[in-house]
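Working notes for the structure below.
The values are calculated or read from the model by the stated rules, or taken from the named source; none is laboratory data. Computed from a predicted model, the values in this text were never measured in an experiment. Cβ sites come from the backbone with ideal geometry, for glycine too, and all protein chains shown count toward neighbours. When the accessible area is computed, the model is the full protein with side chains, heavy atoms only, and any ligands, DNA or RNA have been set aside. Shrake-Rupley method; radii C 1.70, N 1.55, O 1.52, S 1.80 Å.
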Amino acid sequence: MRLDSLRQRQKDLVTEGKTLAQLGEQRTPEQATRYAAITAEHGDLDKTAADIAAAEKLIATEKAMILADDARVAVVHDRAVDKPWGSFGLFLQSVQHAHSGSGIDVRLSAAATGMGEQVGPDGGYAIPKVYADGIEKMMWESGQVLSRVSDRPVSGNVMVFNVIDERSRVDGSRRGGVLGYWTDEGGTPTATQVKLAQVEMKLRKVAALGYMTEELMQDAPTLDAELTSAFAEELLFLVEDAIINGAGVVKPLGVLNAPCLVSVSKETNQAAASIYTTNLSKMWARLPARSKAGAVWFINVDVEPQLDELTIPAGTAAVQPRFVNYGPTGILTIKGRPVIPIEFAASVGTVGDIILGDFSQYRLIRKDSGVQQASSIHVRFTSGENTFRAIYRVDGQPLPRTAITPKNGANTLSPFVVLATRS
């Protein structure tokens, strides 16, 4: 019998014995006989404990033999512990073998979390960084939102930095208080003080948990693709959703909850859940000039049919499409900037159904050690599944402290602009 099965049998016997013990004198003759069989000297519990001890001794002996062989090979500088697995899937198969009691690969000694099979029932193995890095790489390459933010890796848990506190573009306020002069020869400009805002960000933890059957664990190539893709997609979804919608508590502060967000009012008598060309034009006008070149429109997928039909009158009995167009490659643009449907945009007609943003003005910090993964069989033991956990530590918020007052004009500007509710 496998070691994990023996341990489960031991747990079942303890549970059964405790239930019978609670019955006391109310036990039936059959229950009394069963209780004695479980608890008596050399009974079922003692036999199972002896079987577990024997199985653990065999595993320990096997590991010692592997380590001895590894030490012998080390003479020629070819130690197994220095060799990575050929693939992520092969590593996971080694984990399965270790958990099942069928043998421990010596290379796992470097990956044990301190709760491995040899030291307790809650064990797991940390997945080598070379494989976990693939998850983070896939997230940053495939994320429509994440790939556009300004990111900083950090080694600790907190990052404190100064940002220029620009709240206005009038003279004396630009870039937090820089004031330029035209002066005559020999003239002396008046000194000004630049205002800085101190920002403190603390890494938040986002985790994904998944299960994989023992049958699938036997197929190493499938494991590589399936597990990496599944965790990358889930962590990416959670992080991008926070960048858009996060409240700043437990998770990052999203642009829709940021103090710098600008909301453009609907038009007079505008129909519910509608989008007009005037809305888009006014949103574009609220974006700072320096943000226009890198801006992007994020929309709810249900917005797109309305964009297809937008036109601007161009004379009697004529209409001409203007700034909402499909390029030669089929990419929809508004004012020449790409339009990208995302899952995190709000329902049509509510704030956040269409977002115009320069996401280089969103700062995200991430743990420099990347995604941390571990595995265990014990959470879903009875269903024959292996449990995998991935943890990513990030925080983020928009850099501007508030919307900006322009030098000339009545409307404030921001790198993040939305359309107000139309209801």
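Things to note:
- Failed item in (1) touching a strand residue (DSSP E or B) at 6+ places or on another chain (Cβ under 9 Å); (2) not in a helix (DSSP H, G or I), with Leu256 passing the rest: (2)
- Taking the criterion of being under 28 Å from Gly134 (Cα atoms) and free of Cβ contacts under 8 Å to residues at least 40 places away in the same chain, the residues of segment 235-271 that qualify are Leu238, Gly254.
- Test for Ala345: is it open to solvent by less than 80 Å² (accessible area, probe 1.4 Å), on the phi > 0 side of the Ramachandran plot, of a type outside the set (Val, Ile, Thr) and outside any helix (DSSP H, G or I): no
- Checking the stated criteria, Glu56 turns out not to satisfy the condition of being open to solvent by 50 Å² or more (accessible area, probe 1.4 Å), modelled with pLDDT under 70, under 40 Å from the mean Cα position of the chain (by Cα) and not polar (S, T, N, Q).
- Subset of segment 36-53 (residues that are in a helix (DSSP H, G or I), farther than 21 Å from Ser5 by Cβ and open to solvent by 60 Å² or more (accessible area, probe 1.4 Å)): Thr39
- Of the residues Gln306, Gln320, Gln397, the single one that is surrounded by 20 or more Cβ atoms within 10 Å (Cβ to Cβ) and either out of contact with any Asp or Glu (no Cβ under 6 Å at 6 or more places or on another chain) or at pLDDT 95 or above (or both) is Gln397.
- Taking every residue in segment 1-26 that is over 21 Å from Ala53 (Cα atoms) and pairing it with any residue that is modelled with pLDDT of 85 or more, at least 6 positions away or on another chain, the pairs with Cβ-Cβ distances below 6 Å are Leu20/Gln31; Leu20/Tyr35.
- Some residue of segment 285-294 being over 19 Å from Cys260 (Cβ atoms) and either open to solvent by less than 20 Å² (accessible area, probe 1.4 Å) or modelled with pLDDT of 95 or more (or both): no
- Pairs are defined by a Cβ separation below 6 Å, a sequence spacing of at least 6 or placement on different chains, a first member in segment 272-289 that is without any contact (Cβ under 8 Å) to a residue 40 or more places away in the chain and part of a helix (DSSP H, G or I), and a second member that is open to solvent by 30 Å² or more (accessible area, probe 1.4 Å) and not aromatic (Phe, Trp, Tyr); the pairs so defined are Thr278/Glu267.
- Every condition in (1) of a type outside the set (A, V, I, L, M, F, W, C); (2) in contact with a Gly (Cβ under 7 Å, 6 or more places away or on another chain); (3) open to solvent by less than 40 Å² (accessible area, probe 1.4 Å) is met by Ser229 except one, and the failing one is (2).
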